[in-house]
1. Sort A:Tyr16, A:Tyr256, A:Tyr46, A:Tyr82 by Cβ crowding within 10 Å, fewest neighbours at the top.
2. So for the pair B:Val238, B:Tyr4, with labels modelled 7 Å out along Cα→Cβ, what separation do we get in nm?
3. Compute the distance in nm between two label points, each set 7 Å from the Cα along the Cα-to-Cβ direction, one at A:Leu180 and one at A:Ile154.
4. Against the longest alpha carbon principal axis of chain A, how many degrees, from 0 to 90 and to the nearest 10, is the axis of helix A:59-77 turned?
5. Using only alpha carbon pairs under 8 Å that are at least six residues apart, calculate the relative contact order of the stretch B:3-292 and give it in whole percent.
6. Tell me the label-point distance for the pair B:Ile74, B:Leu287, using the 7 Å Cα-to-Cβ offset, in nm and rounded to one decimal.
7. Can you work out the base-10 log of I(q)/I(0) for the stretch A:68-160 at q = 0.14, 0.18, 0.23, 0.25 1/Å, using the Debye formula on its C-alpha atoms alone?
8. To the nearest µm²/s, what D does Stokes-Einstein give for the stretch A:42-100 at 20 °C and 1.002 mPa s, using the Kirkwood radius over alpha carbon pairs as Rh?
Amino acid sequence: MFIQQIINGISIGAVYALIAVGYSLVYSVLSFSNFAQGEILMIGAYIGFFTLTLLRMPFSIAITVATIGTGIVAILLEKIGYRPLRLRLSPLLYFMITAMGLSIFLQNFAIVTIGPNFRTYPDVIATKPFSIGEVYIGRLDLLIFVITIISLTILTWFIYRTKEGTAIRAASYNMRVASLMGINPDRIVSIVFFLAGATAGVGGMLFGIKYTVYPWMGILTIKAFIAAVVGGLGSLPGAVIGAFLLGITETFVAGYVSSALRDLFSFALMILIIIIRPGGLMGVITQEKA
Amino acid sequence: MSTYFQGIIILAGINLIAVLGLSLLTGFTGSFCFGQAGFLAVGAYVSTLMTMKLNMPFLISLSTGMMATGLISILLGYPTLKLKGDYFAIATLGFSEAIRLVIENLDKVTGGARGIPGIPTRTTLPLVILMAIIATVCIRFYVVSRHGRNCIAVREDETAAQSIGINTFRYKQISFFINGMLAGLAGGLLAHYVGFIQPSMFSIIKSTELIVMVIFGGMHSVTGATLAAVVLTALPEVLRTAAAWRLVAYGAVVVFIMVVRPEGLLGSWELSWTSLRVLWLSSSSRLRLLRKR
């Protein structure tokens, strides 16, 4: 029972990690929370769903399409919503409001056009779990975990081993100085949004396979945010650790206390972290200077 | 006056009260609150329970609802207002979801997801108008007072405000408290007007509606918020056929306003004798110019 709960927790934590990483990535460069990240995840889940069902593509192609498609959607959203604000050097409040506007728009647009019903993915993998002694590991959980690890590895490789990744890291320290060094801020922001969108796309599809797809699944952003705050906003390893921690905490609360109180617990966890360690587990507390 | 028309005015007044608090908090103090529905819910449930379970007179249950909501906003603001805006926005959003969960799970007291039917309808048109006017006037004079100017300073640049000796945390807390009180009042009035409350009435959609009103009218203008609250409450009634698209349009409008005209409809224009005179003089001089041509 105990190990079973941990496995379930890791499985949901993996999905949280994929959203939280994109969230933290955008935060580290533009220092605002992209509330629309959850809706980007929803778009990814729907792209994956329709490539699987309408186009009858195999799973590997569907997940590639979802990844790239969601990344492109994220770039477009940035160009429409955030770029004008960036050029005008608007206060951060305006970014947050725009993000909220985008999130409302996308969510309700999906409700009106695609319909408010829950949709179930076709089976992409045999549902029969395999067992190690007493513990059952669902093939799906294993698949989710493996895909998450692969995506996060690619992301880490990109950020730490490529020229663009170095530019992103430079921009996260100081965008203005980075642009003086010949880094094109527009391009960096586009790449960041593509990466954030792509990971959200993978996460959305995995979430859809494990549970269902529905237009307001973007509410998962709250979970990603909690994970990112617990780990330290703006820190990628922090986001991953926070996500797994949150996933495991949630399954334990749902399993041993009450499933209705699950969200209350994760919210309390965030408030607790904010009070005890405002920078999160891995974050650094930066003092604002004039 | 038909009851239907009266109903729209009452709802507009209730929305206005909730929007005024939000305008002070988000528009003037710069703390983005995305969980106004949670505060409405607290006000609505506390005042309803006072009326139904303890048989309190209406005004006492209303003020208890206000007090309870104000207290909760102080408690919630203490850990969250010290931090950056993002934390605050998500904390309020999380709070409003958490409140909904608590209400749904406290079956015995709140009736769970089914809600509480049969609340005595005590909210009348004159009462709502009176409350709305009092709230509008108070907020209108608060934002031009010394304290209001301090709030604006906090919004514009928190570090700079701190450096000239403004206790930024205190002013954010005051704004949050006033916002909570007004939301609690609006919630109580709403419960005693509709006569029925359930948790799903206080979802994110409600928070969205209210924050859109603030942004639409002009974040730095009480007049704008007032206008937006009235117009955006009445508009969906006129456009009943396109109800499904309402929230789609809200989202698009918010993005459009932020991209094209972030100051909203009225910007920072306020209704006052001076501003009216300026408007009158400029239009009459324009007329004179036209006649000369």
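1. Details: A:Tyr16 29, A:Tyr256 10, A:Tyr46 23, A:Tyr82 26.
The most exposed by this proxy come first: A:Tyr256, A:Tyr46, A:Tyr82, A:Tyr16.
2. Placing both labels 7 Å along Cα→Cβ, they lie 1.5 nm apart.
3. According to this spin-label approximation, the distance is 3.7 nm.
4. Rounded to the nearest ten degrees, it is 30.
5. The normalised contact order for the stretch B:3-292 reaches 32 percent.
6. Taking the two extended label points, one gets 5.3 nm.
7. With no solvent term, the Cα-only Debye profile gives -0.88, -1.05, -1.13, -1.17.
8. D, rounded to a whole number, is 166 µm²/s.
We did not get these values from a lab; they are worked out from the coordinates using the rules stated. This one's a predicted model, so the numbers in the text were calculated from it and none came from an experiment. As a convention, Cβ positions derive from the backbone with ideal geometry for all residues, glycine included, and neighbour counts pool all protein chains shown.
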